[in-house]
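S.K.: The structure follows.
Values in this text are rule-based calculations from the coordinates and carry no lab data. This structure is a prediction, so every number in the text was calculated from the model and none was measured. With ideal geometry, Cβ positions are generated from the backbone for all residues, glycine too; neighbour counts draw on all protein chains shown.
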């Protein structure tokens, strides 16, 4: 998982996108929270990443917490992953 991205529309590293192998695409959640714990991005679509915006505006340079809930496609076991990502301008 990357730990930083630069959503400056230069075509390089503009989207924060997790890559998880072997998970069930029908049981997937990807969330981003700000430093106050407010949910600012959420998707259940595999392959859709965060572009650094919240309510149509580019978020401030900061560290954000991500959370992924996914189910293993083979075993059916649900896993929850946490981490952080730095949005750099």
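S.K.: Could you tell me how far the Cα centroid of the stretch 11-45 sits from the Cα centroid of the stretch 60-89, in Å?
M.R.: What the calculation gives is 6 Å, centre to centre.
S.K.: Can you give the extra length, in nm with one decimal, that the chain gains between residue 3 and residue 36 once fully stretched, where that is 0.36 nm per residue apart less the Cα-Cα distance?
M.R.: 10.0 nm
S.K.: Please compute the contact order of the chain in relative form: average sequence separation of alpha-carbon pairs under 8 Å and at least six residues apart, divided by the residue count, as a percent.
M.R.: For the chain, the relative contact order is 34 percent.
S.K.: Could you tell me which label, among (1) 5.6; (2) 8.1; (3) 7.6, carries the value of mean projected area of the Cα convex hull in nm² calculated for this structure?
M.R.: (1)
S.K.: Hey, rough spin-label estimate for residue 61 and residue 26, points 7 angstrom out along Cα→Cβ, what's it come to in nanometres?
M.R.: 4.5
S.K.: Considering only DSSP beta bridges where both residues belong to the chain, give the percentage that are antiparallel (nearest 5).
M.R.: Values: 24 of 26 bridges.
Around 90 percent antiparallel, to the nearest 5.
S.K.: What is the packing order of peptides 64-74, 33-43, taking the mean over residues of other C-beta atoms within 10 Å and listing the highest first?
M.R.: 64-74, 33-43
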